[in-house]
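The structure under discussion appears below in the form of structure tokens.
The values are calculated or read from the model by the stated rules, or taken from the named source; none is laboratory data. As the structure is a computational prediction, the values presented were derived from the model and not from experiment. Note that we place each Cβ from the backbone using ideal geometry, even for glycine, and neighbour counts take in every protein chain shown.
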Amino acid sequence: MKLTGAEILCESLTRLGVKEIFGYPGGAILPVYDALGKSKLHHVLVRHEQGATHMADGYARASGGIGVAMATSGPGATNMVTGIATAMLDSSPVVCITGQVSSKVLGSDAFQEIDITGITMPITKHNVVVTRAEDVARTIREAFVIANSGRSGPVLVDITKDAQQASAEFNWETCAPKLPLKRVRKNHDQAEFDRAVEMLNTAKRPLILAGHGIMVSGAMRAFEAFVRTGSYPVAMTLLGIGCFPAKDPLNLGMMGMHGEAWVNNAIQEADLLIAVGMRFDDRVTGDLRTYAKSARKIHIEIDRAEINKNVKVDAALIGDAREVLEKLTPHIETRDHSAWIRHIAELKGDSAVRDIQSLPDTGHLYAAHVINDLWKETNGEAIVVTDVGQHQMWEAQYYHHDRPRTLITSGGLGTMGFALPAAIGAKFAKPDSEVWVVVGDGGFQMTMSELATIVQEKLNIKIAIINNGYLGMVRQWQEFFYDKRYVATPLVAPDFAALANAFGIRGERITKRGEVVPIIRSARESAETVLIDFRVEQEDSVYPMVAAGASLSDMIRRPNNPLVETATEP
Amino acid sequence: MQTLVAYVENKPGVLNRVSSLARRLAINIDSLTVGPTENEEIARMTIVAHTDERGAHRLEASLEKLVDVLLAENISSRALLDRDLALIKVSADQQNRPHLMELIKVFRARVVDVAPESLIIEVSGTVDKIDGLLEVLRPFGVLEMARTGRISMTRGGDLLRPPTAPSELVAAVEAESK
């Protein structure tokens, strides 16, 4: 059967199980759009190509599958860069398809020509230019294999206009992916494995550092079996949240810069750290010279390049988290770590009392209240998509996720503007799930044009803007480290509720604590998108905090004032 | 200084990916040589990098993550045979020519081009040997020089061959087609 390159692309995507494509048309990709119109693929018209990549990313993170984004050449392709980098840093399998000028004029600075494969080389797992229609199907299939094998990540396929227009014989059987014959390294030798087992079975104060890799690997059950067998307490990275139920007594919560003090102190006191699918990011370790000095370290990780990158480990078990854990668990002796677990509980000290949730109502509205109420009202079952900044940390602290893939957030790159488009992608992946966007007033203004996409697609997404009139996290750093010189952080915003109305979306504004639960209930009852502008305390800060580069033992604790001056110690 | 050998797909853009990766890891490349192997679809690289063992591990592991890199190996601690090749154009008049020829003989180099005012000398060997020849030639006036950069091979039965067993990527392909 002879088809055009554009038709082959659409047919291949359909056969690969793609249902939605997030994209934006333009000259160099028009043949593909023409073919899309005749296919069964659903195209979601975004308002900016960055949004398309975040949607594909959100789709991938919510579903565990591959998200697909599409754009034209030149500016369409360059607008994707931030989204591609976001997916790269968080190992999210996204396939980006860009149009390119005709191969005959490549290199001539033709209209809307840009070397997008050159630009995206360091931020993709792989990228490729296709100049012949007969290569389209095989290349797309290869892109899907690469995106979702090993450590997953984004792949970009740049297709010239003439390759889209030309015709070629299409036969699915004969266009199977042909990837280079690469060496398979032995993951780890038996001695390394035995050493890890010995460490696990002799540790007195073991602690697991659980990361995103557990989710990517689909290792949740294997992980739980491992945790239960060894009765290990578990600390989570931001992206690891959800891989182990928050309600489980062994789950301590988030570690690192805005982790609870007792979690970080437990890391500092542990005699064995078992890192699973995490990469010792600087936001997790603080100053490496003082990091977990008394602990031996086991690193279970699929990417060899991560071993000994930041933290030198005593045993590296390279491989897929699920496979390694399944191999490891039968060798674990069940041991009594109750004294250690009790000790960690004692480390909590007065933290619970200092916690804002325990304080009497002062009439002020704090972001933590909003998020904690949202958690209670949704029974912790919503998919929450957060942006970057203070609200992101409060969400991680006060929304307790029990299920995997229910917190979607930009970790590694810290991309503001991620939440709203990523939530659209997540909603397409999980149409029956309740999806909440928790976003700051700064990040929301970066990609709020995607509200139009929500309306055009008739989606039901709830949007909670944590509006404090500042670029809050930067303001917090200015407060702590720059003598309260608030340069470029006070932020004027439109009336978000009125803005929502202008898009045809119900918008509400909340200023009092007592209004929070009723509006969340009302929003949840609605079958349509609702935007809620929560006007929260302006100069609130996220506690506790490890300053950038400081030791994990050196935390800025929650203050007794000014926000919690009414607290009564028991 | 660390020495790595890599087998890569012999196709356009691969050198760029390799060198771009080193730049991204902030590793300075001292020399990088690349040429086809007995299998014309596969090229072999010798990369000499200004980094320590830890940096070399990171470079090696990161190189192997590139789809087009079939194998990368840090061979710094192994028994190696190193070779560098240089063409050196040196000024030579009637008077100093005999003296030059003596030196060339000592270094087991060859004269490959003779002109009234100059010679081109071809020399191969270790980097140190070529540096040594260069030093003694300098007083005569080195007019031009081209060096290939180092190629390295492990000695004896320590073989470093392109992979022949199916890779994880190929396994993933098989999984996809099912």
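For every residue, the table says whether it meets (1) within 23 Å of the chain's Cα centre (by Cα); (2) closer than 30 Å to A:Val542 by Cα; (3) crowded, with 19+ Cβ neighbours inside 10 Å; (4) among the β-branched types (Val, Ile, Thr).
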site	(1), (2), (3), (4)
A:Ala305	yes, no, yes, no
A:Pro330	no, no, no, no
A:Lys348	no, yes, no, no
A:Thr362	no, yes, no, yes
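Would you mind stating whether A:Leu272 is surrounded by fewer than 21 Cβ atoms within 10 Å (Cβ to Cβ), touching a helix residue (DSSP H, G or I) at 6+ places or on another chain (Cβ under 8 Å) and modelled with pLDDT of 95 or more? So A:Leu272 fails the test.
Taken over region A:172-231, the criterion of being of a type in the set (A, V, I, L, M, F, W, C) and within 11 Å of chain B (Cβ to nearest Cβ) is satisfied by A:Trp172, A:Cys175, A:Ala176, A:Leu179, A:Leu181, A:Val184. Selection of region A:446-476 for residues being surrounded by fewer than 23 Cβ atoms within 10 Å (Cβ to Cβ) and touching a Phe, Trp or Tyr at 6+ places or on another chain (Cβ under 7 Å) yields A:Ala452, A:Val455.
Looking at A:Glu525, A:Glu479, just one residue is under 30 Å from A:His258 (Cα atoms), out of contact with any Leu (no Cβ under 9 Å at 6 or more places or on another chain) and either surrounded by fewer than 24 Cβ atoms within 10 Å (Cβ to Cβ) or at pLDDT 95 or above (or both), and that residue is A:Glu479.
B:Pro36 fulfils the conditions (1) within 13 Å of the chain's Cα centre (by Cα); (2) more than 19 Å from A:Leu181 (Cβ to Cβ) except for a single criterion, (2).
Look at A:Gly256 and say whether it is at positive phi and either in contact (Cβ under 8 Å) with a residue 24 or more places away in the chain or not in a strand (DSSP E or B) (or both). Here the answer is yes, as A:Gly256 does meet what is asked. Here A:Gly99, A:Gly118 are screened, and the one residue that is surrounded by fewer than 20 Cβ atoms within 10 Å (Cβ to Cβ), at pLDDT 95 or above and of a type in the set (Gly, Ala, Ser) is A:Gly118. Inclusion of A:Asp158 among residues that are modelled with pLDDT of 95 or more and either at positive phi or more than 14 Å from chain B (Cβ to nearest Cβ) (or both) is not warranted. Of the residues making up region B:34-87, those that are surrounded by fewer than 17 Cβ atoms within 10 Å (Cβ to Cβ), within 14 Å of chain A (Cβ to nearest Cβ) and without any contact (Cβ under 8 Å) to a residue 40 or more places away in the chain are B:Glu41, B:Arg54. Scanning region A:283-309 for residues that are outside any loop (DSSP other than H, G, I, E, B), touching a strand residue (DSSP E or B) at 6+ places or on another chain (Cβ under 6 Å) and hydrophobic (A, V, I, L, M, F, W, C) gives A:Ile298, A:Ile300. Looking at region A:169-177, can you tell me whether even one residue there is modelled with pLDDT under 95, touching a Phe, Trp or Tyr at 6+ places or on another chain (Cβ under 9 Å) and farther than 20 Å from B:Ser20 by Cα? Looking for residues that are modelled with pLDDT under 95, touching a Phe, Trp or Tyr at 6+ places or on another chain (Cβ under 9 Å) and farther than 20 Å from B:Ser20 by Cα, one finds at least one in region A:169-177, hence yes.
One residue alone among A:His369, A:His401 is in contact (Cβ under 8 Å) with a residue 24 or more places away in the chain and in contact with a helix residue (DSSP H, G or I) (Cβ under 7 Å, 6 or more places away or on another chain), and that residue is A:His369. You will find that of A:Glu450, A:Glu377, A:Glu346, the residue that is touching a Pro at 6+ places or on another chain (Cβ under 6 Å) and either at pLDDT 95 or above or under 30 Å from A:Ala270 (Cβ atoms) (or both) is A:Glu450 and no other.
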